[in-house]
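In what follows, a structure is listed as C-alpha cells, so that the remarks can point back to it.
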C-alpha cells in the first residue's frame, strides 16, 4: 500500500467493520484528475452468483467510455476506470472502496452493484466528500435522506414496487399477493416498497417468506407461499434461486403470476428459467420483470442504437441486455457531467454540473431531472415478460396509455 500522509486520512465509523477504516480526504478537490486522465473507481460483483450483473454493468459503461476515449476523452483527458471485484459481499465492497480512495486516489466512485454492498459505503462517501454515481440498485436508504455526494441514474425500487402492484392488483385483479425476498438490505428495501404499495390499496401480503443470500434454499418458502394461496408472488433476489423457486412452485401444481425487479438481470434470469429449470413455455407470459431502462432491442431510440453498436464493437460476445444498457446510460451521464464541469475539473464543480443536468435528453425518450435537492436522474418504469425464446420483452398492459 502506498504511503498516504496522515493529514489526508480520516476515520469513518462503520458498524460492519471491526475498526474504523481509512478514507482519503484532500484539500485539493481535483484528486484523481491529472493533465491527461481522470481516474474513477468501481466495486462490483465480477464473480459469484451475481457476476452477470457486475460484469454487464461494467461492459455497458466501458463500451461508452472506450468510445469517448478513442475520440480524445473529455476536455483532453481520457477516463480510466479502476474496477475491483467484491463478489456481492458487503465487507469486500468496503475494503475495495478504501483501496480506491486511499491507494488509487480516484476522483469519483461509479457503477456500484447491489444494495447490501452499496449501503455500506454511504459513510465512506460522505466523509471523503467523493462523488458517487450510477448505483445498480434502487434502494431507498441510498436516496433518503438527501446526500450531496450521491447520485442515481435509475428510478427507485419503490417505483418498481408500485408498478408491480398496479399491474397485479389494479389491472389483473389478483388480490392475494405473496412475497419471497432475499434476507438482506436488498430484500428489505423492495419488501418495504411492496408493503407501502399494498397499504395504499388497503391490503397487505398474504404471506412473506425469506431465503439466505447466496443460497438456493427456497423450498420452505415455496411450501408456505403455495399453502397461502398466493395469486401472484413478488420475488426479490438473484436470478438462479428465483428461477428455481418458480419451477418448484410449478412442481407443486400452483400457477401464480410472478414478478421481480430489474436487479435480477433479465437475460440471466430468462436463461435460468427456460434452459436450466425448463419452465413450461405456456407459463412464460406470467413471469414479469419491471425494468428501469428501455428495451435493449428497441430501434426507435438513438441511445439504444448507439449502445448496441458500441457493445458489438467492444464486447462482441455479449448479446444486448438491460443491465449493460443501464451501464451505458450511467457512463453517458458521467460523460455529460464531466463535459459540463469544464476543463478546470474538481469534485465540487462535478457535483454542481450534475445538479444542473435537468431536461437533458439522453436519447431514450426521457430527460434527466437532476437538481440541487433531486439526485435521481430518470423516472418511470417499464414492464417486461418472458418470451418464448427465453428473453424478456417489453409489453404495455391492456388499457394502458401509450
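No lab work stands behind these numbers, since they all come straight from the coordinates. Since the model is a prediction, treat every value here as computed from it, not as a measurement. Backbone-built Cβ (ideal geometry, glycine too); neighbour counts: all protein chains shown.
For a Förster distance of 35 Å, can you work out the FRET efficiency between the beta-carbons of residue 36 and residue 147, rounded to the nearest 0.05?
Details: r = 31 Å, r/R0 = 0.88.
That gives a FRET efficiency of 0.70.
Given contacts defined as C-alpha pairs under 8 Å and at least six residues apart, what's the relative contact order of the chain, whole-number percent?
Details: 825 pairs, mean separation 70.1, N = 402.
That works out to 17 percent.
How much length would be gained if the chain were fully extended between residue 276 and residue 95, taking 0.36 nm per residue of separation minus their Cα-Cα distance, in nm to one decimal? List each step's numbers first, then the result.
Details: separation 181, 0.36 × 181 = 65.16 nm, distance 3.43 nm.
Gain on stretching residue 276 to residue 95: 61.7 nm.
Largest first and in whole Å, give the semi-axes of the chain's equivalent ellipsoid, each being the square root of 5 times a Cα gyration tensor eigenvalue.
After scaling each eigenvalue by five and taking roots: 36, 23, 19 Å.
First check a/c for the range 142-216, with a ≥ b ≥ c the square roots of the eigenvalues of its C-alpha gyration tensor; if it is under 1.5, answer rounded, and if not, answer prolate when a/b is larger than b/c or oblate otherwise. Let's see the in-between values first.
Numbers: a/c = 2.34, a/b = 1.30, b/c = 1.81.
Taking the square roots of the gyration eigenvalues as a ≥ b ≥ c, the range 142-216 is oblate.
Please compute P(r) over all alpha-carbon pairs of the range 236-300, binned at 5 Å starting from zero, and give each bin as a whole-number percent.
4, 17, 30, 25, 14, 6, 3, 1, 0
Please list, by residue number, everything in the range 205-229 whose backbone N is under 16 Å from a paramagnetic label point 7 Å out along Cα→Cβ of residue 183.
208-225, by backbone N distance to the label point.
How far apart, in nanometres, would the label points at residue 393 and residue 171 be if each is projected 7 angstrom from Cα along the Cα-to-Cβ direction?
Reported label-point gap for residue 393 and residue 171 is 1.6 nm.
Label points 7 Å out from Cα along the Cβ direction at residue 75 and residue 312: separation in nm?
It works out to 3.5 nm between the two label points.
What's the Cα-based Rg to Rh of the range 90-232, Rh via Kirkwood?
Values: Rg = 17.8 Å, Rh = 16.8 Å.
With Rh from the inverse mean 1/r over Cα pairs, Rg/Rh is 1.06.
At a Förster distance of 35 Å, what's the computed FRET efficiency of residue 212 paired with residue 374, Cβ-Cβ distance as r, to 0.05?
Numbers: r = 36 Å, r/R0 = 1.03.
E(calc), rounded to 0.05, equals 0.45.
For the chain, modelled as a GNM with alpha-carbon contacts under 10 angstrom, which of 45, 132, 227 fluctuates the most?
The residue that fluctuates most here is 227.
Could I have the simple spin-label model distance between residue 200 and residue 300, label points 7 Å from Cα toward Cβ, reported in nm to one decimal?
2.6
Which distance in Å, rounded to a whole number, links the C-alpha centroids of the range 40-108 and the range 141-167?
Centre-to-centre (Cα) distance: 22 Å.
How many percent of DSSP beta bridges within the chain run antiparallel, rounded to 5?
Working: 16 of 49 bridges.
The antiparallel fraction comes to roughly 35 percent.
With springs connecting C-alpha atoms under 10 Å apart, model the chain as a Gaussian network and identify which of 262, 204, 61 has the largest mean-square fluctuation.
204
By its C-alpha gyration tensor, with a ≥ b ≥ c as the square roots of the eigenvalues, how is the range 296-401 shaped: rounded for a/c under 1.5, else prolate for a/b larger than b/c, else oblate? Before the final figure, lay out the partial values.
Details: a/c = 2.91, a/b = 1.57, b/c = 1.85.
In terms of gyration-tensor shape, oblate.
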